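These notes concern the structure reproduced below.
The values are calculated or read from the model by the stated rules, or taken from the named source; none is laboratory data. What you see is a predicted model, and the numbers here were worked out from it, not measured in a lab. Here the Cβ is made from the backbone with ideal geometry for all residues, glycine too, and neighbour counts use every protein chain on show. The protein model used for the area step is the full one, side chains on, heavy atoms only, and it has no ligands, DNA or RNA in it. Shrake-Rupley method; radii C 1.70, N 1.55, O 1.52, S 1.80 Å.
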Amino acid sequence: MNENDPRNRRGTGEWRLSRRTMLGTAAGLTAGVFAASMLPMSPAAATSAVRPASGPREPVVFVVGDSTASVYEHAARPRTGWGQALPLLMGKGVRTFDYAWSGASSKSFYDNGKLDVVLDLMQPGDVLLISFGHNDSKTDDPERGTLPDSTFKQYLTRYVDGARAQGASPVLVTPVERRRFDSSGQAGSTHGEYPRAMAELAVQLQVPLVDLTEKSRALWQQLGPEATKQHFMHLAPGQHPQYPQGAEDNTHFQAAGALAVARLVADALVDQGIVRGAWFSQRGALIDPLHAVHWPAERTIDDANILTVGPGRSYATVQQAVDAVASNSDRRSIIAIAPGEYRQVIHVPRDKQRVTFLGLGSHAEETVLVFNNANGTPHPGGGTYGTTGSASVRVDGPYFEAENLTFANDFDPASHPEISGTQAVALLLAGDYAVLRNVRCVGRQDTLYANSPSAGVQARQYVTGSHVQGDVDFIFGRGTAVFDRCRIESLDRGESNNGYVTASSLDGSLPYGFLFDECEFVSEAARRTVHLGRPWHPGGDPSARPQVLVRRSWLGAHIQSDPWTDMSGFSWREARFFEHKNRGPGSQRSGERPQLPRELEDSHTVAAYLSGADGWAPQLAGSQADASALLSPSVRAGRGG
């Protein structure tokens, strides 16, 4: 038995990523009471009946509506829709999917096929919250305007019929009130006849109604003109980095306002017996919405650009697909890669932002992006590639994501004794907001280069549920990188010194370098032969002050009793190296193993490392707080957007 391998403690089925030394195996809608069949069919409904979603799952509360309810992207934080805040109030076993669309009316949402997306995902037992009215009143706009007693009711009927056809329960929600006060301080009504028309339709169709118009107006009246500014988008210049000039908006909410409106909706759903109280068990909880709301990289409502790679697909190589991505786009581009080995150097330049590499195999091992350049490999243009140039995959664009594939560099030093520079990078990340989920980064020396555009400039990377493998400095660079529940595997070189896991080169002006949280450090190497890290000062840079924290992790017996060591004349004691609540045979406490001071515990969490000034929180994706999780990259790839 190898005590370094946690599978011998917890069973072989725990890890999604198998251990390998290197690459591994390479209805049509029914008419309503207002003759809704006379309305034009939506584009998707015109070609196919709505299909029920496949596979059982927990019940979902779907939200359709306009900008007051919609999910906003990270660049718009703290602007928040009430549907985006709704999951903060939910209990276990139920989720929210918010597909509201900024600027939409009941007509434009339906005519553009957005309802079909929701019905495609819906299953029996789900709930559909239908909230329109803000933009239906724009009757001078033929794309959006409806009349309260005719077309407004007709379009809403289609939502009701569609939900019922899927076995779901529709609920009509009148539009939330704007922040409008008269000179005497009375909160006004701004939606005309649309709330009344919706209430009438609810009676006629025997559909539950949440009168959010009246409930929100009463809340604004209670708070008054000044206090309501804390709920709406009234921001002072510089208060939030996403709004350097500030904002003054009496229609849309910041996080606190969205949560307050979500409470009104949740209270009504429970108090009126529409759903069980357990669905919204957190209604009375104290919640900090600015840190609890999930703002995804892009709006949920926006279709992704899908580019397929592999035999018989749109592109033969990954680089061809990258080259086809529009420059500086606000739209997510998902490069869906068929299983196989793709042996080429790949570069995602800075202007190719919001790119996802998605492996289409059943396991990360099945899709492999690999090359074999090393630092000392001769370059066709003269000289050698150098460490940076050795990267099999280099990413400079922001908001890069990768899921379910392998990044590899399979340079073999034994086959090239003439090459002395054996550093060989599998993946180089230099852009901000990078996310890796269920990926493998495999190589030997310098496997994963977690970097940034330049010294003193922050670039954040979040790596979760993944496997990183190598021997010498195989996680290195000046980036801010969080490894959350990852497997960190040190290869056995058969030497008394079997290498070093990390080589941070973080600039001294930045607080956060590498965090390993709830990770497992494993190896077949001999006991006490691997260091956790050493301080890298590129070119002797005195401004570097490396930072690494190994927190709540399991350490195998291969980890040295004195896990930190010097590098190139720079003492590890001058770096910021800490451990915190680790366990396993490689975990000890001594004077050579600094523990994180108690006063720093709250400021050295996953959230603290990643948030920066702009509140980035990728760790919330897929969690209870995520109102967009039903449209994962794999689901979008399967749908074609």
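Observations on the structure shown:
- Quarter the surface of the alpha carbon convex hull of the stretch 241-396 and you get the mean projected area, 15.7 square nanometres.
- Solvent-accessible area per residue for the chain (1.4 angstrom probe, square angstrom): 37
- Semi-axis lengths, Å, the stretch 143-184, gyration tensor of Cα atoms, sqrt of 5 times eigenvalues: 29, 15, 7
- Taking all protein chains together and rolling a 1.4 Å probe, Tyr194 ends up with roughly 20 Å² accessible.
- The Kirkwood radius of the stretch 531-585, taken over pairs of alpha-carbon atoms, gives through the Stokes-Einstein law at 25 °C and 0.890 mPa s a diffusion coefficient of 204 µm² s⁻¹.
- Two-site label geometry, Asp412 and Thr388: point separation in nm, points 7 Å out along Cα→Cβ: 3.1
- Legend: calculated FRET efficiency, Glu58 to Ser543, from the Cβ-Cβ distance at R0 = 35 Å, rounded to 0.05, equals 0.10.
- Each label was represented as a point 7 Å from its Cα along the Cα-to-Cβ direction; for Glu214 and Arg589 these points are 6.2 nm apart.
- Modelled label reach - Asp614, point 7 Å along Cα→Cβ, the stretch 71-109 residues with backbone N closer than 19 Å: 71-81
- Shape call, the stretch 438-506: gyration tensor on alpha carbons, a/c limit 1.5: oblate
- Computed from label points 7 Å out along Cα-Cβ, the spacing between Arg598 and Ala526 is 4.1 nm.
- Prolate/oblate/rounded label for the stretch 116-268 (Cα gyration tensor, a/c 1.5): prolate
- Three-way shape call for the stretch 64-158 based on the alpha-carbon gyration tensor, with the a/c threshold at 1.5: oblate
- Solvent-accessible surface (1.4 angstrom probe) belonging to Met198, in square angstrom, nearest 10: 0
- Distance from the stretch 225-303 to the stretch 585-599 (C-alpha centre basis), Å: 41
- Using the Karplus relation 6.51 cos²θ - 1.76 cosθ + 1.60 with θ = phi - 60°, the per-residue 3J(HN,Hα) values for the stretch 540-555 come to x, 4, x, 7, 5, 9, x, 9, 9, 10, 9, 10, 6, 10, 9, 10 Hz, with x marking Gly and Pro.
- Put His537, His74, His347 in order of accessible area, highest first, and with a 1.4 Å probe you get His347, His537, His74.
- Calculated FRET value between Asp303 and Ser623, using beta carbons and R₀ = 35 Å, to 0.05: 0.90
- Percent of Cα pairs exceeding the 17 Å cut-off, where the set is the stretch 362-458: 52
- Amide proton proximity set for Ala104, modelled H, under 5 Å, gap of 5+: Ser67
- His252 accessible area, assembled protein chains, probe 1.4 Å, Å²: 30
- Counting Lys and Arg as +1 and Asp and Glu as -1 over every other residue whose Cβ lies under 14 Å from the Cβ of Ile334, the net charge comes to +3.
- By the Stokes-Einstein formula, at 1.306 mPa s and 10 °C, the chain with its Kirkwood radius over alpha-carbon pairs has D equal to 60 µm²/s.
- CD proxy at 222 nm, helix term only [per DSSP H run n ≥ 4: -39500 (n - 2.57); per residue of the chain; nearest 500]: -4500 deg cm²/dmol
- Exceeding the 32 Å Cα-Cα cut-off - candidates Lys153/Lys352; Lys138/Lys352; Lys107/Lys352; Lys153/Lys215; Lys92/Lys138; Lys92/Lys581: Lys153/Lys352; Lys138/Lys352; Lys107/Lys352; Lys92/Lys138
- Of Gly556, Gln588, Ala627, farthest towards positive along the dipole that unit charges on Lys, Arg, Asp, Glu beta carbons give the stretch 551-641: Ala627
- Normalised by the number of residues in the stretch 387-521, the average gap of Cα pairs under 8 Å and 6 or more apart makes the relative contact order 20 percent.
- Percent accessible area from carbon and sulfur atoms, the stretch 401-535, protein chains only, probe 1.4 Å: 43
- Extension gain for Phe181-Gln272 works out to 29.8 nm (0.36 nm per residue, less the C-alpha to C-alpha distance).
- Under-5 Å amide H pairs with Leu128, H placed in peptide plane, nonlocal only: Phe62, Ser169, Val171
- The distance from the alpha carbon centre of the stretch 114-182 to that of the stretch 507-526 is 49 Å, rounded to a whole number.
- From phi via Karplus (6.51, -1.76, 1.60), per-residue ³J(HN,Hα) for the stretch 522-535 in Hz, x at Gly/Pro: 10, 5, 8, 5, 5, 4, 6, 10, 10, 8, 5, x, 8, x
- For Thr406, residues with placed amide H under 5 Å, excluding near neighbours: Thr367, Val368, Leu369, Arg440
- For peptides 264-274, 506-516, sequence by mean Cβ density within 10 Å, most packed first: 506-516, 264-274
- Efficiency of FRET between Gln239 and Ser509 - r from beta-carbon atoms, R0 25 angstrom, step 0.05: 0.60
- Charge context of Pro124, other residues only, Cβ under 12 angstrom, K/R +1, D/E -1: +1
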